[in-house]
Structure formats: C-alpha cells, structure tokens
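Novice: What follows is a structure written as structure tokens; I'll ask about it next.
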Amino acid sequence: MHEERGLRLTFIGGGNMAAALIAGLAGPMTAGSNIHVVDPNPAQLARLAASFGVSTAAAIDERVAASDVIVLAVKPQQMREVAAALLPHLGGQPLLLSIAAGIRSADLSRWLGGYRTIVRSMPNTPALIGQGITGMVAPAGLSASHHEAAGRIMGSVGQTVWLDDESLIDPVTAVSGSGPAYVFFFIEAMQQAALELGLSPEQGKQLALATFTGAAQLAAQSPNEVAVLRERVTSKGGTTYAALQSMEQAGVKEAIVRAIKAAAARGVELGAELGRD
C-alpha cells in the first residue's frame, strides 16, 4: 500500500454504491485524481469525473495495474466476465474488494487463476447517505495493511462488521443487505393505515417516517435492549397493547423471521448458481 502518495483505487462499475463510496473517499482518504472508474455508461462516468475529479474508462485497461485497491462493484452476473478482463492486470498484487452480492470468494479466486487477496463485503443502500452498514470477511493471511484499507474504504459510508466465516455473509445479506426493503415495507403499511384512518397522504408519510427514524435513533442511543423500550411504550389494555396483540395473533414476528431466513437461503442458492461452471 502507498499511503504517502495517497491510496490508488480503481472501481470496476460506477453505479450508485460505487458513487457513494467515491464520495466518501475522494478527499478524506485520497485525492480524486487517484481514483479510476471503469463503466460502460458514459453519462455516469462524466458525472463522477465532474464531481470528484476521477479518471474514467469504458473498459478495463492498463491503468488498472497501478491500483492499490480494486473495488468490484458490478452486477453479480457480470463478475465472471469482469474477472477474465481483470486477470492480466493483477501483477501489482492489489487488494480486490468485492461488493457484489452472491459471488463467493472461492469462485472469484478461481476465475482469477487462484488470486487470493480478496475481501468480500455486503453493504446496504443507506450507504448512499453515509448511514450504511457493511458485513466484511477476509481470507486467512490477509496483510494488516490490506485489512485496514478495506475497513477504511467501507467505513467511509457507514459502520462495518468483520465476520469470522464467509458463510455468515448470507445472514448479513438477509438481515442488513436486504433489510432496508423490510423497513420500507413496514413504513408503507403505516402510511396505508394512516390514510385509511382519515389522515392525508402527506400527514401519514410525515408521521410514519418521523416515528421510524426517531424510534431507531432511540434504540441506537439507549443503553436498554429494544424489548425493554417496547415494553415501556406498551401499557396493558392500552392502544399500543391492542396493536401488538393483533400483530402477535397474526404471527407477524414469526413471519418476519421466516422471511429473513428465506432471504439467507436464497443467498446460498445464488452463490451456488453464480459460481457453477
């Protein structure tokens, strides 16, 4: 790694998550001129170049070889093709940081001729506003400098959680990677209930969003477990009690747990499907 001249990074893929990472990195961690972005979309490349001063290319070329870190930010279905184009440019032994869902490190390594300096990570969409959380796993023997660089890169858009075993990436995907969708789903339900109870769409949205945001912040800042916080809002025989009793009778908690387990199982299936020769 070359911290004295600024970390040199290449992003393969310039979509929303890559753009969020570049926004967090350009300036605080390295100069925008040290970041190279490869993406076939010329409009996206133009936006990134104008915003952050990055260099750009429509395809992987010799400039990638100068990188300390290569962030793989493409769709999972594109990863095998990307690996084939990347393989000739790995002579400098950069760290490969994959944020592609479902692609197992062993499969990526195999496509790259046995290359093993790979960190697999699973961020989530709140990274777009610097409020993400990323599950990360590194191979045994990864250097301390590579480990630190991977953590700093993903830490630029939120919190990080290092895992001891790559098999835990699928549960992380199910809980936090897919999790924002569950939150949005619940907010939609709150807004629908507000509308059906006579509030305006604007009022329902304001009430639901502020309640969810405030409750999440309270849970994050309180020393108490969330179960204790829930109990404090729930007076037996009161309105909250009526709502929670209705949810319990409907099996809402069990349904949510089953859904998250289904997401984790699908992650395992996707890894097998995408890695199949």
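Novice: If I filter region 117-130 down to residues being in a loop (DSSP other than H, G, I, E, B) and at pLDDT 95 or above, which single residue comes out as surrounded by the most Cβ atoms within 10 Å (Cβ to Cβ)? Give the steps one after another, and end with the answer.
Specialist: So in region 117-130, the residues in a loop (DSSP other than H, G, I, E, B) come out as 117, 123-124, 130.
Those still in the list that are at pLDDT 95 or above too: 117, 123-124.
Numbers: THR117: 20, PRO123: 25, ASN124: 23.
Among those that are in a loop (DSSP other than H, G, I, E, B) and at pLDDT 95 or above, it is PRO123.
Novice: So GLY141 passes all but one of these: (1) part of a helix (DSSP H, G or I); (2) out of contact with any Pro (no Cβ under 8 Å at 6 or more places or on another chain). Which condition number does it fail?
Specialist: GLY141 satisfies all of (1) part of a helix (DSSP H, G or I); (2) out of contact with any Pro (no Cβ under 8 Å at 6 or more places or on another chain) except (1).
Novice: Could I ask something else about it? Taking region 4-16, which residues are surrounded by 20 or more Cβ atoms within 10 Å (Cβ to Cβ) and either charged (D, E, K, R) or modelled with pLDDT of 95 or more (or both)? Let's see the steps before the verdict.
Specialist: First, the residues of region 4-16 that are surrounded by 20 or more Cβ atoms within 10 Å (Cβ to Cβ): 7-14.
Matches in region 4-16: ARG8, LEU9, THR10, PHE11, ILE12, GLY13, GLY14.
Novice: Considering only region 105-112, I want to know if a residue exists there that is crowded, with 19+ Cβ neighbours inside 10 Å and within 15 Å of PHE11 (Cβ to Cβ).
Specialist: The answer is no, given that none of the residues of region 105-112 is crowded, with 19+ Cβ neighbours inside 10 Å and within 15 Å of PHE11 (Cβ to Cβ).
Novice: If you don't mind, there's one more thing I want to ask. Output yes when any residue across region 27-39 is assigned to a loop (DSSP other than H, G, I, E, B), modelled with pLDDT of 95 or more, touching a helix residue (DSSP H, G or I) at 6+ places or on another chain (Cβ under 8 Å) and surrounded by 20 or more Cβ atoms within 10 Å (Cβ to Cβ), and no when none is.
Specialist: yes
Novice: Being closer than 30 Å to ALA263 by Cβ and buried (at least 23 other Cβ atoms within 10 Å of the Cβ), is that true of even one residue in region 46-57?
Specialist: Looking for residues that are closer than 30 Å to ALA263 by Cβ and buried (at least 23 other Cβ atoms within 10 Å of the Cβ), one finds none in region 46-57, hence no.
Novice: Could you check how many residues of region 9-21 are out of contact with any strand residue (DSSP E or B) (no Cβ under 6 Å at 6 or more places or on another chain) and in a helix (DSSP H, G or I)? So that I can check it myself, show each step before the final result.
Specialist: Pass one, region 9-21, residues out of contact with any strand residue (DSSP E or B) (no Cβ under 6 Å at 6 or more places or on another chain): 13, 15-17, 19-21.
Next, only the ones that are in a helix (DSSP H, G or I) stay: 16-17, 19-21.
Number of matching residues: 5.
Novice: Inspect all residues belonging to region 65-75 and state whether any of them is under 25 Å from THR125 (Cβ atoms), of a type in the set (Gly, Ala, Ser), assigned by TED's automatic domain parsing to the domain that holds ALA18 and free of Cβ contacts under 8 Å to residues at least 24 places away in the same chain. Let's see the steps before the verdict.
Specialist: Here is the first cut: in region 65-75, the ones under 25 Å from THR125 (Cβ atoms) are 69-75.
Remaining after also requiring of a type in the set (Gly, Ala, Ser): 73.
In the following step, the residues that additionally are assigned by TED's automatic domain parsing to the domain that holds ALA18 were identified as 73.
Filter again for free of Cβ contacts under 8 Å to residues at least 24 places away in the same chain, leaving none.
No, the conditions are met nowhere in region 65-75.
Novice: Just to be sure before I move on: is SER98 crowded, with 22+ Cβ neighbours inside 10 Å, touching a residue at least 40 places away in the same chain (Cβ under 8 Å) and not basic (Lys, Arg) in the structure I sent?
Specialist: Values: crowded, with 22+ Cβ neighbours inside 10 Å: yes; touching a residue at least 40 places away in the same chain (Cβ under 8 Å): no; not basic (Lys, Arg): yes.
Against the criterion (crowded, with 22+ Cβ neighbours inside 10 Å, touching a residue at least 40 places away in the same chain (Cβ under 8 Å) and not basic (Lys, Arg)), SER98 does not qualify.
Novice: Another question, then. Is it true that some residue in region 72-80 is in contact with a Pro (Cβ under 8 Å, 6 or more places away or on another chain) and at pLDDT 95 or above? Even if it seems obvious, please write down each step before you answer.
Specialist: From region 72-80, those in contact with a Pro (Cβ under 8 Å, 6 or more places away or on another chain) are none; that's our starting set.
Within region 72-80 (the criterion being in contact with a Pro (Cβ under 8 Å, 6 or more places away or on another chain) and at pLDDT 95 or above), the answer is no, since none of the residues qualifies.
Novice: Here is a further query. Looking at region 174-187, which of the residues that are of a type outside the set (A, V, I, L, M) and either closer than 18 Å to GLN131 by Cβ or touching a Phe, Trp or Tyr at 6+ places or on another chain (Cβ under 9 Å) (or both) is surrounded by the most Cβ atoms within 10 Å (Cβ to Cβ)? Working first, answer last.
Specialist: Start the filter on region 174-187 by keeping residues that are of a type outside the set (A, V, I, L, M), which leaves 176-180, 182, 184-186.
Filter once more, so that each one left must be either closer than 18 Å to GLN131 by Cβ or touching a Phe, Trp or Tyr at 6+ places or on another chain (Cβ under 9 Å) (or both): 176-180, 182, 184, 186.
Values: SER176: 19, GLY177: 24, SER178: 20, GLY179: 18, PRO180: 13, TYR182: 15, PHE184: 12, PHE186: 14.
For region 174-187, the residue satisfying everything is GLY177.
Novice: Looking only at residues in region 232-277 that are among the basic types (Lys, Arg) and assigned to a helix (DSSP H, G or I), which one is nearest to SER222 (Cα to Cα)?
Specialist: Step by step, filter region 232-277, then rank; the result is ARG232.
Yes or no, residue by residue, for (1) more than 20 Å from ALA140 (Cα to Cα); (2) assigned to a loop (DSSP other than H, G, I, E, B); (3) charged (D, E, K, R):
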{"position": "ALA83", "(1), (2), (3)": "yes, no, no"}
{"position": "PRO88", "(1), (2), (3)": "yes, no, no"}
{"position": "GLN93", "(1), (2), (3)": "no, yes, no"}
{"position": "ALA101", "(1), (2), (3)": "yes, yes, no"}
{"position": "GLY114", "(1), (2), (3)": "no, yes, no"}
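Novice: Kindly indicate whether MET190 is assigned by TED's automatic domain parsing to the domain that holds PHE11 and surrounded by 15 or more Cβ atoms within 10 Å (Cβ to Cβ).
Specialist: Details: assigned by TED's automatic domain parsing to the domain that holds PHE11: no; surrounded by 15 or more Cβ atoms within 10 Å (Cβ to Cβ): yes.
Criteria not met by MET190.
Novice: With the condition kept exactly as written, say whether any residue in region 217-236 is of a type in the set (S, T, N, Q), surrounded by 11 or more Cβ atoms within 10 Å (Cβ to Cβ) and closer than 26 Å to SER121 by Cβ. Break it down stepwise before answering.
Specialist: Step one: of region 217-236, the residues of a type in the set (S, T, N, Q) are 217, 221-222, 224, 234-235.
Now narrow it down to the ones that are surrounded by 11 or more Cβ atoms within 10 Å (Cβ to Cβ): 222, 224, 234.
After this cut, where a residue has to be closer than 26 Å to SER121 by Cβ as well, the list is none.
No - not one qualifying residue is present in region 217-236.
The values are calculated or read from the model by the stated rules, or taken from the named source; none is laboratory data. Source: prediction; values computed, not measured. We place every Cβ from the backbone using ideal geometry, glycine too, and count neighbours over all the protein chains shown.
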